[in-house]
Amino acid sequence: AIQTITQGNPNISVQFFETQDDFTNGNPIFNLTNYANNAPNQQLVISLLNENNCSITSTLTLVATPTPVTTAVVPEYIACDTNVDDAELTGQFNLDGIYTADYAGTNTVFYLSLEDAIIEQNPLSGTGIYPNGTEVFARLEDASNNCLQINRFSLTVLPTPPISMDDAFICLNNPLVTLIAPIGFDRYEWFQRNGNTEVSVSSSPEVIFTQPGEYRLLVSYIENTSVGQVECSNSAAFNLIPSNIATFSPDPQVVDISANNSITVFVQGEGNYEYALDISGPYQDNATFENVPPGVLTVYIRDKNGCGIVNRQVSVVGYPKFFTPNNDGANDFWQIQGVNSLFQPQSLIFIFDRYGKLLKQLPVSSTGWDGTYNGQPLPSSDYWFRVYLEDGREFKGHFSLKR
């Protein structure tokens with residue numbers, strides 16, 4: 001306006017006053033670039049002063065023309081929620097892309113409020129994160145920077161599905177595992193991953209897998225909008241970890257005929273194993289059992305990942321310290337424990353009295369000695385024995401007969 005009034009003469013200074021009193025009192029308008037009128041047809045006082053200190057006054061009327069604000073006839077702008085972990089729907093929008101799609105070739109600038117669009121402050125551009133329902137005002141101008149109209153449109157954010165998947169185990173001895181995806185989604189897609197490549201394996205919520213490896217589950221919400229179906233997706237990676245039933249390798253190591261009999265188990269396999277001397281447990285992580293009673297015992301190895309149990313019988317050689325042959329069904333016979341027709345069947349057992357007299361040669365397949373000699377019961381006393389095991393070991397000791 002100053003250039004127009006002075007016709008480009010730099011020697012003329014111009015001042016604007018809101019009222020005649022302001023002119024009289026020397027109270028000019030200082031904010032000339034962002035001045036806001038206070039009436040539709042506001043009249044200002046103008047003072048012009050040249051280099052010779054000659055001045056004249058005049059008036060200037062500010063005519064405010066209403067700017068039309070319309071709802072933009074443009075496609076709906078939709079994005080998917082960028083953060084499924086919070087309660088707010090926020091989406092990423094490329095305003096430059098919106099300009100290219102619907103405002104290319106025009107002089108249009110975007111703003112977040114009508115006031116900003118009118119006074120042309122805080123323009124928007126580029127890519128940003130905006131909440132659902134954000135209103136954007138598009139100011140369209142002609143070549144002379146005159147506002148033609150201001151369009152208004154909203155940014156719509158659709159929910160993104162939350163999804164998480166835990167790793168699972170697949171048994172190599174029975175490589176079938178069924179995984180069921182969480183319910184409530186419109187689309188499912190399972191992928192097997194190999195480095196940077198993926199192969200779709202199923203689009204069903206329930207899938208049977210037969211191979212260990214890396215996988216990914218993709219789920220989607222699908223909504224009908226003014227621009228057609230919009231799909232918001234999320235995915236979770238998981239692993240099918242191989243596990244396997246155990247293999248004894250080598251055979252268990254037994255320390256027997258001692259004050260602390262023990263069994264140590266050696267195992268091979270891809271699983272995570274625990275050990276017990278009874279199929280129902282208790283199971284332990286330690287592969288060594290201490291203070292094991294003598295006899296033929298069964299060692300059980302269980303895969304913690306559910307791939308099964310294997311077992312093996314082991315012989316722990318020992319003997320009872322006493323027996324009571326009184327025909328009451330308890331401790332009526334004395335026999336070396338841990339040897340039988342399956343374990344070291346060729347072992348030899350001899351029983352003596354305290355004077356070294358041989359009383360009985362005992363076969364390992366029998367129930368044991370009944371405390372008699374030539375059919376006659378022997379008295380309560382200590383008796384001695386000597387054992388020659390089939391594995392080459394021999395040992396001796398004594399036990400008590402109690403009546």
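The values are calculated or read from the model by the stated rules, or taken from the named source; none is laboratory data. Note that this is a predicted model, so its numbers are computed, not measured. Glycine also receives a Cβ, built like all others from the backbone with ideal geometry; neighbour counts cover every protein chain displayed. Surface areas here come from the heavy atoms of the whole protein model, side chains and all, with no ligands, DNA or RNA. Shrake-Rupley method; radii C 1.70, N 1.55, O 1.52, S 1.80 Å.
Taken over the range 1-29, the criterion of being closer than 28 Å to Asn122 by Cβ and at pLDDT below 85 is satisfied by Ala1, Ile2, Gln3.
Can you pull out the residues in the range 389-403 that are open to solvent by 80 Å² or more (accessible area, probe 1.4 Å), within 22 Å of Asn340 (Cα to Cα) and in contact with a strand residue (DSSP E or B) (Cβ under 7 Å, 6 or more places away or on another chain)? It would help to see each step written out before you state the result.
Here is the first cut: in the range 389-403, the ones open to solvent by 80 Å² or more (accessible area, probe 1.4 Å) are 390-391, 393-394, 396, 398, 402-403.
Going one step further and asking which of them are within 22 Å of Asn340 (Cα to Cα), we end up with 390-391, 393-394, 396, 398.
Scanning the range 389-403 gives Glu394, Lys396, His398.
Out of the residues in the range 265-297 that are open to solvent by 30 Å² or more (accessible area, probe 1.4 Å) and hydroxyl-bearing (Ser, Thr, Tyr), which is farthest from the chain's Cα centre (by Cα)? Here the answer is Thr288.
If a residue has to be more than 57 Å from the chain's Cα centre (by Cα) and hydroxyl-bearing (Ser, Thr, Tyr) to count, how many in the range 336-358 make the cut? Going through the range 336-358 one residue at a time, the tally reaches 2.
Filtering the range 5-27 to residues that are outside any strand (DSSP E or B) and under 23 Å from Ile118 (Cα atoms) leaves only Glu18.
Every residue in the range 307-332 that is assigned to a loop (DSSP other than H, G, I, E, B) and surrounded by 15 or more Cβ atoms within 10 Å (Cβ to Cβ), please.
Filtering the range 307-332 down to residues assigned to a loop (DSSP other than H, G, I, E, B) leaves 307-308, 317, 319-321, 324-332.
Selection gives Cys307, Gly308, Val317, Tyr319, Pro320, Thr324, Pro325, Asp332.
Among the residues of the range 88-113, the ones that are surrounded by fewer than 15 Cβ atoms within 10 Å (Cβ to Cβ) and within 18 Å of Ser154 (Cβ to Cβ) come to 5 in all. Among the conditions (1) modelled with pLDDT under 95; (2) surrounded by 17 or more Cβ atoms within 10 Å (Cβ to Cβ), the only one that Asn194 does not satisfy is (2).
Just one of (1) under 23 Å from Ile301 (Cα atoms); (2) at pLDDT 95 or above; (3) loosely packed, with under 13 Cβ neighbours inside 10 Å fails for Pro250. It is (2).
Would you point out the residue of the range 202-233, among those that are free of Cβ contacts under 8 Å to residues at least 24 places away in the same chain and not in a strand (DSSP E or B), that is least open to solvent (accessible area, probe 1.4 Å)? Residue satisfying both the conditions and the ranking: Ser204. Note on the range 365-374: residues that are open to solvent by less than 60 Å² (accessible area, probe 1.4 Å) and either part of a loop (DSSP other than H, G, I, E, B) or modelled with pLDDT under 95 (or both) amount to 3.
Let's see how each residue does on (1) open to solvent by less than 60 Å² (accessible area, probe 1.4 Å); (2) of a type in the set (Gly, Ala, Ser); (3) under 25 Å from Asp391 (Cα atoms); (4) in contact with a Gly (Cβ under 9 Å, 6 or more places away or on another chain):
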| site | (1), (2), (3), (4) |
| --- | --- |
| Val339 | yes, no, yes, no |
| Phe343 | yes, no, yes, no |
| Ile349 | yes, no, yes, no |
| Asp353 | yes, no, no, no |
| Leu378 | yes, no, no, yes |
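Within the range 141-186, how many residues turn out to be within 26 Å of the chain's Cα centre (by Cα) and not in a loop (DSSP other than H, G, I, E, B)?
The initial filter retains those residues of the range 141-186 that are within 26 Å of the chain's Cα centre (by Cα), namely 157-172, 174-186.
Going one step further and asking which of them are not in a loop (DSSP other than H, G, I, E, B), we end up with 157-158, 168-171, 177-180.
Adding up the residues that qualify gives 10.
Look at the range 28-48: where a residue is farther than 12 Å from Phe16 by Cα and part of a loop (DSSP other than H, G, I, E, B) and a partner is modelled with pLDDT of 80 or more and not basic (Lys, Arg), sitting 6+ places away or on another chain with Cβ atoms under 7 Å, you get Asn34/Ile119.
Just checking, which of Glu141, Glu120, Glu135, Glu115 is more than 30 Å from Asn272 (Cβ to Cβ) and either aliphatic (A, V, I, L, M) or touching a Cys at 6+ places or on another chain (Cβ under 6 Å) (or both)? Step by step, each of Glu141, Glu120, Glu135, Glu115 is checked, and only Glu141 is more than 30 Å from Asn272 (Cβ to Cβ) and either aliphatic (A, V, I, L, M) or touching a Cys at 6+ places or on another chain (Cβ under 6 Å) (or both).
Are any residues in the range 263-283 of a type in the set (A, V, I, L, M) and assigned to a strand (DSSP E or B), and if so, which ones? Working first, answer last.
Residues of the range 263-283 of a type in the set (A, V, I, L, M): 263, 265, 267, 276-277, 279.
Across the range 263-283, the qualifying residues are Ile263, Val267, Ala276.
Would you mind stating whether Leu362 is closer than 22 Å to Pro293 by Cα, among the aliphatic types (A, V, I, L, M) and surrounded by 12 or more Cβ atoms within 10 Å (Cβ to Cβ)? Yes. Checked against (1) part of a strand (DSSP E or B); (2) in contact (Cβ under 8 Å) with a residue 40 or more places away in the chain; (3) surrounded by 18 or more Cβ atoms within 10 Å (Cβ to Cβ), Ile257 meets all criteria but (1). Across the range 130-140, the qualifying residues are those that are part of a strand (DSSP E or B) and surrounded by fewer than 16 Cβ atoms within 10 Å (Cβ to Cβ), and the one among them that is modelled with the lowest pLDDT is Glu135.
Within the range 296-321, residues that are closer than 12 Å to Ile245 by Cβ and in contact (Cβ under 8 Å) with a residue 60 or more places away in the chain sit with their Cβ atoms under 6 Å from residues that are open to solvent by 60 Å² or more (accessible area, probe 1.4 Å) and in a strand (DSSP E or B), at 6+ positions apart or across chains, in these pairs: Asn305/Phe169; Ile309/Arg302. Quickly run through the range 284-295 and pick out the residues that are part of a strand (DSSP E or B) and without any contact (Cβ under 8 Å) to a residue 24 or more places away in the chain. Residue satisfying the conditions is Gln284 alone.
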